[in-house]
1. Being surrounded by fewer than 23 Cβ atoms within 10 Å (Cβ to Cβ), away from the ligand (no atom under 14 Å from the Cβ) and under 18 Å from D6 (Cα atoms) narrows it down to one of Q104, Q81, so name that one.
2. Can you confirm whether T119 is closer than 23 Å to G11 by Cβ and β-branched (V, I, T)?
3. Which fully enclosed helices (runs of 4 or more DSSP H) of segment 30-107 have 1 or more residues being of a type in the set (K, R)?
4. From the set of residues in segment 14-36 that are farther than 13 Å from V66 by Cβ and of a type in the set (A, V, I, L, M), which is farthest from the ligand (Cβ to nearest atom)?
5. Step by step: first the residues of segment 84-101, then only those that are within 12 Å of the ligand (Cβ to nearest atom) and not polar (S, T, N, Q), then the one that is surrounded by the fewest Cβ atoms within 10 Å (Cβ to Cβ). Which residue is that?
6. Got a sec? Which of G39, G11 is closer than 19 Å to T188 by Cβ, within 11 Å of the ligand (Cβ to nearest atom), under 15 Å from the mean Cα position of the chain (by Cα) and modelled with pLDDT under 95?
7. Would you confirm whether any residue within segment 17-32 is over 21 Å from S217 (Cβ atoms), surrounded by 21 or more Cβ atoms within 10 Å (Cβ to Cβ) and not β-branched (V, I, T)?
8. Among the residues of segment 169-185, is there at least one that is surrounded by fewer than 19 Cβ atoms within 10 Å (Cβ to Cβ) and within 16 Å of the ligand (Cβ to nearest atom)?
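The values are calculated or read from the model by the stated rules, or taken from the named source; none is laboratory data. Just so we're clear, the structure is a prediction, and the values are computed from it rather than from any experiment. Don't worry about glycine lacking a Cβ; one is built from the backbone with ideal geometry, like all the others, and counts go over all protein chains shown.
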Amino acid sequence: MIGVFDSGYGGLTIFRKLTQAFPEYSFAYLGDNARAPYGNKTPEEITEYTKQGVGELFRRGCVLVVLGCNTASAVSLRELQQKWLPTTWPDNKLLGIVVPTIEQITSTTFQMNVGILGTNRTVESHAYQHEIQKRNPNITVIEHACSGLAGIVELLGSKNTQVVQEVSTCVQGLVDRGAVDAVLLACTHYELIADSIAQALPAGTALYHQPSIVAESLRDYLRRHPEIDSQLEKTGKRTYLTTGHPQEVSQKSTDFIGETIEFQAL
Ligand code: DGL
């Protein structure tokens, strides 16, 4: 199985794209809804919770896990890959979503101002800024943290007027830092409110959509690693797990994603 881990609902946007791109593969999703959002937690907490979630997916038979969460990818991935996997799960693979996104941006963009919207911890890590500018110094990166936005999307839903208002405050905060030609939604939750973000941005601003970038990158990874691909179950099974209340999480996920999703308690 391929596992996808996220703090809560946002990773479902990545999960949906992956399951569409790989319909025959079996997938399991784990949302740590009971402890979401992660965006304001300490790096130590994020790393510990991510380790627990990913470990759970490995124990349930996922050979490969994708962190469907920018905060966990930016803050914890390197440490988990370097210190935890080799000793505890040496045969399993853990992939993040930050580097594939950066590779896509820098391979298609040559000189422009790219805005990054993310959680506090993602922005504080400056992972996007450093890695983009390392690969292409002609790209100007303007980062802006939307503190609390993922949390209120989870709490109130994507169409709520308070959420729409918060989106425009957040976009204004970015635009005040400098003009942007394109914006990356560097928090998987923001894909759920991509329309409101697009409306709040100046006309003509392009948006990068991370879920399709991640799906393409996984395709490339599996092509380069047939030894991993051959271990993945391909019976099209879908399992949804949550640390929260399965009924509530199922209902909200169905509203967010627009298709019926049934979660089980972990
Ligand atoms: N889904 C997350 C991300 O991509 C984190 C949102 C949160 O839990 O704060 O950053």
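1. Unique residue meeting the criteria: Q81.
2. For T119, the condition - closer than 23 Å to G11 by Cβ and β-branched (V, I, T) - is met.
3. 43-59, 70-79
4. Result: A34.
5. The qualifying residue surrounded by the fewest Cβ atoms within 10 Å (Cβ to Cβ) is G96.
6. G39
7. The answer is yes; a qualifying residue exists.
8. The answer is no, given that none of the residues of segment 169-185 is surrounded by fewer than 19 Cβ atoms within 10 Å (Cβ to Cβ) and within 16 Å of the ligand (Cβ to nearest atom).
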